[in-house]
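Take a look at the structure below.
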Amino acid sequence: MAVAGCGGPFIPFSAGRVDATEAGPPTVPEPQQDLASHTESFHHQGFTPTEMIALIVCGHTLGGVRQVDFPLVVTDSATVLQTFDMTPAFDTAVVPEYLQNTAQNPLVVGPNVTTSLLSPANFNQTCSSLFERMLNTIPSNVNLTNPITEPFNYVVADPQFAYRDGSLSMATALRVMNDNPSCTVTLQWTDQQGSFCPPNGCSQQSNGTQNVLFTIIGKMQGVTALRYPFNATINATSSISKFWFEVNENDGSELIVIDNGGAGFVIEQDSVFIDVGRSAIFSVESGGIFDEFVNLVVAVQGDGASTSASVTSFIPTLLNTTNPSFTDPFSTLMMRRLPSD
Ligand code: HEM
């Protein structure tokens, strides 16, 4: 994402990494190490000396050296960051600046022969394939998938429930990798009692369509998709047990059923849920400091007379942040019964 976001190449992604449970050996190369140590360390990770040079060039088209980290490399204490080249983009600028000896790159020390990297096409191709190999350097007992190149054809949004005026409502959506304007999608569901909905399920048509905005990666691949949003009203007594979708291209082709391989998308429990529509996260700014507040509304099944509820919330905090405009967000949980429901 970072490389593509700065105008660099697409790097194929393979899934399957495992979480590290402890720190690995310190292998980040240090500028004071000699050439033989670098060559040995890159060799150890499967890279030839030529690939090592290219990889350093590819890596050093972005960013720079921080004076606080390396005062012996960036000696002027007034400089915060000395960039490796003169452009902020992921581009070849680092190469000619280096070869013509106009580099401001503080790590540059002598002549080199990386001329094939002067060509932008070759630069992108070399960097993409070396980055892919670098990212895929994993322990021998970890197996990665083949690169994931295509987005999934159908993606189901997590359903969100609300309870209002005696009914349950469920909001969800189906993303379809298709821009056929005549395509229609139906949401279907079965109830918990098994007798409320007709045999082939209760159903609801989608509520219009929305264009899906992709990240830079999707834009580079030229993919387009439509999102079919649903806001289903569900009988609160019989509730819902599972749901699925039927996609009709309306072009004479067969209906496509998106039902999780036949199992449907199962609603595991409907007795306690966060009412997302009534909950909110908001931040309050005071003197450049932001405090975050969370107002959670939780629906609990039952008549309410004897029901009590407690909520545990986990909010990832920005610990050790160096950005002075943020403090650690904290939450306030306000428990109150909603009168009408
Ligand atoms: C012999 C090999 C290398 C040496 C000696 C080296 C050295 C350095 C040093 C001293 C810095 C400055 C860090 C700081 O100020 O905190 C740096 C930054 C950086 N290096 Fe390397 N590096 C090497 C290889 C690589 C490789 C292989 C990559 C990626 C493929 C890479 C990517 C980067 C990036 C992106 C930055 C900028 C970080 C920032 O701006 O915050 N480097 N490198």
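Quick notes on this structure:
- Within the stretch 235-258, the set of residues being open to solvent by 40 Å² or more (accessible area, probe 1.4 Å), closer than 14 Å to Ser169 by Cα and of a type in the set (A, V, I, L, M, F, W, C) is empty.
- Among residues of the stretch 25-47, those that are more than 10 Å from the ligand (Cβ to nearest atom), in a helix (DSSP H, G or I) and either small (Gly, Ala, Ser) or at positive phi (or both), counted: 1
- Members of the stretch 215-234 that are buried (at least 18 other Cβ atoms within 10 Å of the Cβ) and assigned to a loop (DSSP other than H, G, I, E, B): Ala225
- Any chance Glu40 is exposed (fewer than 15 other Cβ atoms within 10 Å of the Cβ) and modelled with pLDDT of 90 or more: yes
- Members of the stretch 92-120 found to be under 13 Å from Thr61 (Cβ atoms), at pLDDT 70 or above and of a type in the set (Ser, Thr, Tyr), listed by number: Thr92, Tyr98
- Selected residue (only one of Gly64, Gly24 is modelled with pLDDT under 90 and either under 27 Å from the mean Cα position of the chain (by Cα) or surrounded by 12 or more Cβ atoms within 10 Å (Cβ to Cβ) (or both)): Gly24
Per-residue answers, yes or no, for (1) assigned to a loop (DSSP other than H, G, I, E, B); (2) on the phi < 0 side of the Ramachandran plot; (3) free of Cβ contacts under 8 Å to residues at least 40 places away in the same chain:
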site: Asn122; (1), (2), (3): no, yes, yes
site: Asn146; (1), (2), (3): yes, yes, no
site: Asp179; (1), (2), (3): yes, yes, no
site: Thr186; (1), (2), (3): no, yes, no
site: Leu213; (1), (2), (3): yes, yes, yes
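- Meets criteria (in the same structural domain as Thr307 (by TED's automatic domain parsing) and in contact with a strand residue (DSSP E or B) (Cβ under 8 Å, 6 or more places away or on another chain)) for Val247: no
- Some residue of the stretch 48-68 being more than 9 Å from the ligand (Cβ to nearest atom) and more than 23 Å from Leu117 (Cβ to Cβ): no
- Residue list for the stretch 259-282, filter: surrounded by 11 or more Cβ atoms within 10 Å (Cβ to Cβ) and within 24 Å of the chain's Cα centre (by Cα): Asn260, Phe265, Ile274, Val276, Gly277, Ser279, Ala280, Ile281
- Check on Val57, modelled with pLDDT under 95 and touching a strand residue (DSSP E or B) at 6+ places or on another chain (Cβ under 7 Å): no
- Looking only at residues of the stretch 283-302 that are of a type outside the set (A, V, I, L, M, F, W, C) and within 30 Å of Val272 (Cβ to Cβ), we find that the one that is surrounded by the most Cβ atoms within 10 Å (Cβ to Cβ) is Glu292.
- Filter pass, Gln100 being in contact (Cβ under 8 Å) with a residue 60 or more places away in the chain and either open to solvent by 80 Å² or more (accessible area, probe 1.4 Å) or closer than 29 Å to Ile217 by Cα (or both): no
- Selection of the stretch 69-98 for residues being near the ligand (Cβ under 9 Å from one of its atoms) and touching a helix residue (DSSP H, G or I) at 6+ places or on another chain (Cβ under 8 Å) yields only Phe84.
The values are calculated or read from the model by the stated rules, or taken from the named source; none is laboratory data. Note that the structure is predicted; figures quoted are calculated from it, not measured. Note: ideal-geometry Cβ built from the backbone for every residue, glycine included; neighbour counts use all protein chains shown. For accessibility, only protein heavy atoms count, side chains too; no ligands or nucleic acids. Shrake-Rupley method; radii C 1.70, N 1.55, O 1.52, S 1.80 Å.
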